[in-house]
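Below is one structure; the comments refer to it alone.
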Amino acid sequence: MTPYSKFENHELILRDELAIDRTILANERTLLAYLRSGVSLIIAGISIMHFSQTAWFWAVGLACIPVGLVTGIFGVFRYQLINKSVSSVRKQLTKMTNGE
């Protein structure tokens with residue numbers, strides 16, 4: 001059961017349609033935040049490794065790079081999951097609006 005399943009069998013009003021639009025925009029902003037955080041972690045890891053002289057700095061830098069990659073990948077998967085749920089509601093809305 002998805003959070004949007006309550007909309008599947010009922011007619012959506014304008015408020016609900018606008019809420020879906022806000023959800024789509026929020027989902028896109030969240031994806032960009034995940035990607036920004038992932039890239040920042042990767043750059044931080046590379047910078048730490050480049051300017052460090054001790055081994056434990058290298059360990060911190062090496063840890064930042066995979067964490068950044070995982071953060072970016074997680075953000076993309078989360079975006080796709082939410083986008084799929086919202087798209088099903090949007091299709092239902094289109095069907096109801098067209099009288100199908």
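The values are calculated or read from the model by the stated rules, or taken from the named source; none is laboratory data. Just so it is clear, the structure is predicted and the values come from calculations on it, not from any experiment. Keep in mind that these areas ignore ligands, DNA and RNA; they rest on the heavy atoms of the full protein, side chains included. Shrake-Rupley method; radii C 1.70, N 1.55, O 1.52, S 1.80 Å.
Accessible surface area normalised per residue over the range 23-92 is 67 Å², counting heavy atoms of protein chains with a 1.4 Å rolling probe. Could you look at the range 19-100 and say what percent of its accessible area is carbon and sulfur, using a 1.4 Å probe and all protein chains? Here it works out to 70 percent.
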